[in-house]
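Just so you know, all these numbers are worked out from the coordinates, no wet-lab data involved. Predicted model only: the values in this text are computed from it and were never measured. So basically every Cβ, Gly included, is an ideal-geometry build from the backbone, and we count neighbours across all protein chains shown.
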Amino acid sequence: MENRLRVLRAERGWSQQDLAERIEVSRQSVNAIETGKYDPSLPLAFRLAELFDRSIEDIFVSPSRRSSKAI
Amino acid sequence: MIRTAAWKRYNWRVIWLSLAYAVFLIGAVYGFKHALVPTLLKYPVAILPAIPIIGIFVAIGRYLVEEQDEYVRMLMVRQILWASGFALSCATIWGFLDNFGLVGHADGYYMVIAWFFGLGVGGLVNKMTLGEGGC
């Protein structure tokens, strides 16, 4: 799933490892989410949203909205 | 594989179970070879080496329960699916080849060897499809 995680992380000057420690997952997990290879569960998406003080929709791009925009 | 706390616990369990397997197997083989096993104990002693192997399956199950990193858990689930598909495919192919008299009969526990090999195949597939995150 497309997302703004890399941008939000860069704004705070955090490495993938820094973010991984903050949300208690592995760095590889952060990498997989950032690159869109893995879609996080709802609880993990909420953890990310709360950490960045944003809504889930601000971080993750809805696949259905993305495809409707393309049309 | 990513070394989480649950993964380290899983590794220790597998090491101990592997040691138990070696001890039980050597003991059972020695006992049967030298006719030391009483008739009444033949079945339990013959099954003894299987118990640590079953323990490894339990350890894998416990790992899936204990793993807190959902992405890492997903990687292991993918590996298990590959292992199961690989082992079942091998058993099916071998079964038909055996039926038509093209290969010799294989012992049932080779299925387990194929399954563990399949676990390695799954790890490789993870790496190939997910790149750095698939390790």
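Run through chain A and list the chymotrypsin sites (Phe, Trp or Tyr not before Pro) located in a DSSP loop whose Cβ has at most 16 other Cβ atoms within 10 Å.
Answer by residue number: A:14.
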Rounded, prolate or oblate: which one fits region B:1-102, using the alpha carbon gyration tensor with axes a ≥ b ≥ c (rounded when a/c is under 1.5, else prolate when a/b beats b/c, else oblate)? oblate
With label points set 7 Å from each Cα along the Cα-to-Cβ direction at residue A:53 and residue B:16, the distance between them in nm comes to 4.7 nm
Distance in nm between residue B:50 and residue A:10 label points, each 7 Å along Cα→Cβ, equals 5.8 nm
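Across the protein assembly as shown, how many lysine pairs, 8 or more apart or on two chains, come within less than 29 Å at their alpha-carbon atoms?
Numbers: A:37/A:69; A:37/B:8; A:37/B:127; B:8/B:127; B:33/B:42.
For the protein assembly as shown, qualifying lysine pairs total 5.
Any idea what the relative contact order of chain B is, in percent, if you count C-alpha pairs under 8 Å spaced at least 6 apart?
Numbers: 104 pairs, mean separation 35.7, N = 135.
With pairs under 8 Å counted, the relative contact order is 26 percent.
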So, over other residues within a Cβ distance under 12 Å of residue A:7, counting Lys, Arg +1 and Asp, Glu -1, the net charge is +1
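For an R0 of 45 angstrom, estimate the FRET efficiency from the Cβ-Cβ distance between residue A:62 and residue B:84 and round to the nearest 0.05.
On the way: r = 34 Å, r/R0 = 0.75.
So the FRET efficiency works out to roughly 0.85.
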Per residue of A:51-57, how many C-beta atoms from partner chains lie within 10 Å of its own C-beta, taken as a mean? 0
Would you mind computing, in nm to one decimal, how far apart the modelled labels at residue B:127 and residue B:26 are, each placed 7 Å from Cα along Cα→Cβ? 3.1 nm
Kyte-Doolittle mean at least 1.6 and Cα axial length at least 18 Å: DSSP H helices in chain B: B:50-66
